[in-house]
Amino acid sequence: MRKRSLRWGLVAAAVVGVATAVTAALVPWSANADSQKADGAWKTTYGSQKLGGRYSSMTVGDATHAWAFGNKNGDADDTDNQHTRIDRWDGEQWKPDTFPSTWTVTPEFADANSASNVWAVAETDVNHYTLLHYDGKKWSAKRINFHTVRDITAVGSNQLLLIGDQTLMRYDGTKLTEEPAPKYTNAGLTVRSADEMYAVGEHKSQPYVEKWNGETWASMKVPSVSLGKCSDAGFGAMYARSSKDIWATGSYLCMEENENEYLKPLLAHWNGKKWTMITDAKHRGGYGPVVDDGAGGIWAASNSDTGQYVHRAKDGTTTYYHAGVKGLDGLSPSIDNVPGTKSVIGIATMYDDSNEPKPYGVVSEYTP
């Protein structure tokens, strides 16, 4: 899985302007990674200033296959010199994958439900997207018309669901087909079966969840939150361990007295009967992609000022880890779990607002 959502992308885009302005390469690097600088049990296993580039999305297909997507150019503003980046993990090491060298897109969303049904989606221009697909043997690309992709989910043996503004479409490798769409939610899509899907987002400035039962979409009763000095709150991602154990993550959008916007985390849990909102008043930064930790808890990525991976254990104990190389800020971190294990993989693009190091993408791995 794991992809990016609307609420995640808006704030990340605001930070990109800072990251892409950086130039000189002064931070020490090794050929593949600076693993000794990772936080806690995390180990940075791939990526360096020498390799450069940036990451924007990732997904894990199975216990021995994962992909990280982005661009070989660390400067997103250098629009005339963009080259697609796809790196692949074989269960032991990361290395560049094989795909057409003419590709220039930067995938913003990625998802896989196996090692032979891997998707990445990139916006090419207004209302046009490029779908990248790996069938277990080779990569292919398809250009489609779609109004604002918010999330994607791989389904079946070779299909993809794309959710947008009041739109849900299925791509079968050949054509797009319209599906019944949720009424309000469009920021994140989770599929457990053909008769059980969930869509998350916001409605009237409040977090919102809708559920598909095989016939219709219906809203779920989610408690309203107090906004205080914030303008709105909404979900952007979800992980469903079962029908009675579901987590939704998102953020409050707030503003300081100097009119600078910032995010606060939003977390909720469904126990099969009701949604419970969980607060973290001390943390600054929204919660993004959320995945299983293999032990009854969850991991989430947080776009705080420095970028963090957040672990919430089954007993509720919450621990924050710096995303990527310590001493640098991690832009747009994302995360996914390795099926059947307690291990997780994360990506981030490292930068420093002191304008010293050149941005570069890193992959980090956590194995308890």
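Beyond 21 Å in Cα-Cα separation lie the following of the pairs Lys50/Lys342; Lys43/Lys326; Lys244/Lys274; Lys43/Lys138: Lys50/Lys342; Lys43/Lys138.
Take every pair of alpha-carbon atoms less than 8 Å apart whose residues are at least six positions apart; their mean separation over the length of the stretch 6-366 yields a relative contact order of 17 percent. Think of it as helices only: each DSSP H run of n ≥ 4 in the chain is worth -39500 (n - 2.57), and spread over all residues that comes to -1000 deg cm²/dmol at 222 nm.
The magnitude of the dipole of the chain, with charges of +1 and -1 set on the Cβ of Lys/Arg and Asp/Glu and taken from the Cα centre, is near 780 debye.
Mean-square fluctuations from a GNM of the chain, with a 10 angstrom spring cutoff on Cα atoms, peak among Ser334, Ser193, Ser101 at Ser101. Among Ser332, Thr216, Thr279, which residue has its Cα furthest toward the positive end of the charge dipole of the stretch 6-366, with +1 on Lys/Arg Cβ and -1 on Asp/Glu Cβ? So the residue we want is Thr216. Projecting the Cα positions of Thr318, Ala301, Tyr262 onto the charge dipole of the stretch 256-331 (unit charges on Cβ atoms of Lys, Arg, Asp and Glu, taken about the Cα centre) puts Thr318 furthest along the positive direction. Ordered by the number of other Cβ atoms lying within 10 Å of each residue's own Cβ, fewest first, Met58, Met255, Met238 fall into the sequence Met255, Met238, Met58.
Summarising the amide proton neighbourhood of Gln206: residues at separation of 5 or more, or on other chains, whose placed amide H is nearer than 5 Å comprise Ala233. When semi-axes √(5λ) of the Cα gyration tensor in Å is calculated for this entry, the matching label among (i) 54, 27, 19; (ii) 35, 27, 17; (iii) 28, 25, 20 is (iii). Put in order of Cβ neighbour count within 10 Å, fewest first, the listed residues Phe146, Phe109 become Phe146, Phe109. Note down the Stokes-Einstein diffusion coefficient of the stretch 101-254 in µm²/s, whole number, using a Kirkwood radius over alpha carbon pairs, 25 °C, and 0.890 mPa s. Approximately 150 µm²/s, per Stokes-Einstein.
Each reported figure results from applying straightforward, stated rules to the coordinates on display, with no laboratory input. Note that the structure is predicted; figures quoted are calculated from it, not measured. Cβ sites come from the backbone with ideal geometry, for glycine too, and all protein chains shown count toward neighbours.
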